[in-house]
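The values are calculated or read from the model by the stated rules, or taken from the named source; none is laboratory data. Everything quoted here is computed from the prediction, not taken from an experiment. So basically every Cβ, Gly included, is an ideal-geometry build from the backbone, and we count neighbours across all protein chains shown.
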Amino acid sequence: MGDDETITSNIIRNIGVIPGQAFNGANASAIAVAKNNCVIKYNTIENIGYCGIGLSSTADIITIQNNFINNVLLTLNDGAAIYTVAEGISRKIDGNIILNVVGNTDGTPYPGRYIARGIYLDVNTTKTIITNNTVANCSEAGYMIHRSHDNTLENNTAFNNGYGMYFQNNSGSNIRNNSLKNNLFIAKSSTQLALKFFSLSDDIPEFGTADNNHYARPIDDGNVFHTSSPSTGSKYRTLAGWQSFTGQDRNSKKSAVTVSDTSRIDFHYNPSTSNKVVTLNQPMVDVTGKKYSGSVTLLPYTSVILMPDPNPYTPPVPAVSGASVEESAPAVIVLGYNINLAPVIPATSAFSVTVNGTAKPVSSVAVSGKNVSLTLSNRVNHGDIVTLSYTKPSDNPVQSTEGAQAASFTSRSVTNNCAAPATTPASNPTTTTPPNSSPTNQPPVISIASPTKGSSYTSPATIIIEVTAHDPDGTVKSVILYDGTRKLGEQTSPPFTFTLKDIEEGSYSIYATATDNMNASTRSNLLDFTVTAPKPEKGSFKIYPNPNDGNFSIDYDAPDDIEEYKLAVVNSQGRTVLVEELSQDQYMKHFDLSYLVSGIYIVMISSNEIILTQKFIKQ
C-alpha cells in the first residue's frame, strides 16, 4: 500500500496456502502495509498462509477497523492475524473479529510449539490503541506484547486462547507504560491462562497499569495468571495473588458464574455491518453477571460469551387489579393490571363476557399502558351483572413489557359503572303537580376540554386536566378523574381542574365522571395521551490543555441515542490531518499530534445528528 490509501469491503481468501510457493513465507500475508494514513476496514480475510494484516516499521498513521480475519498462519509459525512492529505515530486497531490462528510447525525443530497470536505488538511497537476487538481460538495468545511500550488495550475480548494475553520481555527494550483496562480475558479449558508474563528482569509490576478487567476461567477460576522472572521463578497465581504481587487490577474481577462442563459455554459473534439477533434457548449470563433472556442482539463486529444462568431472573407476572364497565352503548370493559403491558393484542376469542348470565361477544380488544379495553357488540345497562373470563392463548397472550404472561381466570365479577337511568320522583297524593313542572331529572353534561386527544409530553411530566361539567336542571356535586379503574382525583366545585405530577413515560387513557345532586352520573370522552422519555442533550466536548504542543486530551459527553461518531482535525487551510471513529462508550481520548506544524487547528466531532467544533492552538 502507498500513502493515503483505503482498503475496504473486500473478500481476500486462500493466499499463500501452498508451502514453498511464496519465495519467502512472510510474503504469504493477505495485506502488508508500509506507508502512512492508510485505512483497512470491513474486509473478510480467510485461509491465509501467514499474517492477515502486517504493519512494517514504516507504517505510522494506520487504522485497522471492523475486519473479519479467520484461519491464518496456515503454512508458517510465529506471526499473527494482525501484526505490528516498531514505533508508530498513531495506530488504531478497533472492532476486528479474529478467529482460529493456529500456526504450522512443519519443518521446524519444535513440532509441538505453535506460536500463533491474534493481535501481536512486536519489538518497540508504540502508540497503538487496541479497542473493541474479539480474538478467539488462538493456539498461543489472543493478544501479545513483546518488548513494546506506551500502548493501550481497552474493551477487548479474548476467548479460548492458550493465553488471553502474553507479555514477553526478553533482551532489548523493556515493556513499559502499557494500559490494560475494561477487557474480558476468558479461558475456556482448565489448561488455558487469562494472562502470562515472562521477563528476564524483576520488573513485571512495571509493565504498565491494569484495572477493571475480568480474568475468567469458569471451569476453574483459580490460578489464571502465570509469571516468570529471576527472583520469583515460574509461578501460577490467583487474581488475589496477582493483585498482591503487582498492586494492579484492584477493581478487576473473576467470572461471576462457574460451569462444570465447558460445552455449556456459548460463543456468538457478528462479523457484519448489520445487527445480529441470537435466539437463546434458556436464560443465560456472561462473566460480568449480566443476564440475558429470550434473545441477544449483537451490534456489528461485536461478540458475547454466555453460560447458563444458575439463578435466572423471573420477571413479575401481570396481576389483575380490577375490571369495570365504563361505557354502556356499545359496552366497554376496562381490565386493569398492576404493571405496564406490552402492546400485544390477544384475539377476541381469549375473552368471555356474560351479562346477567347470557354470553355477550367481544368485538375488539385494545391494550394501552396497564389496561386491556374490551368492546362488546351489545350494550350494558345500569344494574346488569357482568362477569369476565380470560383464557391465555398460545399466540399473543396478555403480557408485560418483559414478556411475563398473565394467567387465565374465570368468571371474574366486573364493576358496572354505567349511569343509572333518570327517575321520576314519586307523586304526593296530597299535592298537585303544576302543569309546567318537569318530572324527569336530566343527567349532567361533561367533557375533557384540555389537553387535546393525542397530546404528547416528556417525562417526568406535569399535566393539567381541565374538565367542563354542568347540570341542566340541578348542580354538579362531584367530578372524578380515572385512569382505567384507578381514581386519580376528585373535585366537588368548579373549576374542575386536575394537576397530574411526575408522570412517567407510557401511554395513558383517562376519563372523568360527573354526578349531579340527584345522583345521576355521566362519563366523559376518553382522552389518550403519551409521555415519552426526555431527549438527551446533543453532546459537548472540551480540549485541554489549549494551547498545547500537539499533545492534548478530549473529554466528550456523548448522547445516549447515538452510537458512533467521527472525529476530524482540520488545519487552517481546510486540509484534514486526522480522522478517527469514536464510540459511545469513549469519554476521554488522548492525542499526540506533535508532528504537526504550529498554527490553529479545528477539532470536529460529527454524526448524522450533530456537528460540534472547537479550535486549538498548536505552539
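Looking at the range 277-311 only, could you name the residues that are more than 30 Å from SER368 (Cβ to Cβ), surrounded by fewer than 16 Cβ atoms within 10 Å (Cβ to Cβ) and without any contact (Cβ under 8 Å) to a residue 40 or more places away in the chain? If the condition is that a residue be more than 30 Å from SER368 (Cβ to Cβ), surrounded by fewer than 16 Cβ atoms within 10 Å (Cβ to Cβ) and without any contact (Cβ under 8 Å) to a residue 40 or more places away in the chain, then ASN281, GLN282, GLY289, LYS290, ASN311 are the ones that fit.
For the range 31-53, the candidate set comprises residues that are in contact with a helix residue (DSSP H, G or I) (Cβ under 8 Å, 6 or more places away or on another chain) and not hydrophobic (A, V, I, L, M, F, W, C); within that set, the residue that is farthest from GLU580 (Cα to Cα) is GLY49. The set of residues in the range 24-60 being free of Cβ contacts under 8 Å to residues at least 24 places away in the same chain and in a loop (DSSP other than H, G, I, E, B) consists of ASN24 alone. Considering only residues that are at pLDDT 95 or above and of a type in the set (Ser, Thr, Tyr), which ones fall in the range 43-62? Listed by number, the list holds a single entry, THR44. Can ARG412 be described as among the basic types (Lys, Arg), part of a strand (DSSP E or B), touching a strand residue (DSSP E or B) at 6+ places or on another chain (Cβ under 7 Å) and surrounded by 14 or more Cβ atoms within 10 Å (Cβ to Cβ)? The answer is yes for ARG412.
Condition check ((1) of a type in the set (A, V, I, L, M); (2) in contact with a strand residue (DSSP E or B) (Cβ under 8 Å, 6 or more places away or on another chain); (3) not assigned by TED's automatic domain parsing to the domain that holds ASP286) across all residues:
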{"position": "ARG147", "(1), (2), (3)": "no, yes, yes"}
{"position": "THR152", "(1), (2), (3)": "no, yes, yes"}
{"position": "THR157", "(1), (2), (3)": "no, yes, yes"}
{"position": "GLY162", "(1), (2), (3)": "no, yes, yes"}
{"position": "MET165", "(1), (2), (3)": "yes, yes, yes"}
{"position": "SER189", "(1), (2), (3)": "no, no, yes"}
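Just give me the residues in the range 216-244 being among the β-branched types (Val, Ile, Thr) and either farther than 28 Å from ILE265 by Cα or part of a loop (DSSP other than H, G, I, E, B) (or both), in sequence order. Selection gives ILE219, VAL224, THR232, THR238. For the range 508-525, the set of residues classified as surrounded by fewer than 18 Cβ atoms within 10 Å (Cβ to Cβ) and touching a strand residue (DSSP E or B) at 6+ places or on another chain (Cβ under 8 Å) consists of ASN517, ASN525, listed by residue number. Looking at the range 79-88, can you tell me whether even one residue there is closer than 23 Å to LYS188 by Cα, β-branched (Val, Ile, Thr) and under 31 Å from the mean Cα position of the chain (by Cα)? Looking for residues that are closer than 23 Å to LYS188 by Cα, β-branched (Val, Ile, Thr) and under 31 Å from the mean Cα position of the chain (by Cα), one finds at least one in the range 79-88, hence yes.
Here the range 153-170 is the region considered, the condition is being hydroxyl-bearing (Ser, Thr, Tyr) and touching a Lys or Arg at 6+ places or on another chain (Cβ under 8 Å), and the residue that is surrounded by the fewest Cβ atoms within 10 Å (Cβ to Cβ) is TYR166.
Residue count for the range 78-111 under the criterion of being of a type outside the set (A, V, I, L, M) and closer than 21 Å to ILE12 by Cβ: the result is 11. Just to check your reading of the model, which residue among VAL344, VAL365, VAL353 is buried (at least 20 other Cβ atoms within 10 Å of the Cβ), under 30 Å from PRO316 (Cα atoms) and outside the structural domain of GLU505 (by TED's automatic domain parsing)? Going through VAL344, VAL365, VAL353 in turn, the sole match is VAL353.
Taking the listed residues LEU376, LEU388, the one that is at pLDDT 95 or above, aliphatic (A, V, I, L, M) and not assigned by TED's automatic domain parsing to the domain that holds PRO495 is LEU388, with no other qualifying.
Yes or no, residue by residue, for (1) modelled with pLDDT of 95 or more; (2) buried (at least 19 other Cβ atoms within 10 Å of the Cβ):
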residue	(1), (2)
ARG217	yes, yes
TYR236	yes, no
SER263	no, no
HIS268	yes, no
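Residues of the range 450-498 that are surrounded by 13 or more Cβ atoms within 10 Å (Cβ to Cβ) and among the hydrophobic types (A, V, I, L, M, F, W, C): ALA461, ILE463, ILE465, VAL467, ALA469, VAL476, VAL479, ILE480, LEU481, LEU488, PHE496, PHE498.
Annotation: of all residues in the range 371-403 being of a type in the set (Val, Ile, Thr) and surrounded by fewer than 18 Cβ atoms within 10 Å (Cβ to Cβ), the one that is nearest to PRO361 (Cα to Cα) is THR375. Taken over the range 539-589, residues that are at pLDDT below 75 and assigned to a strand (DSSP E or B) amount to 9.
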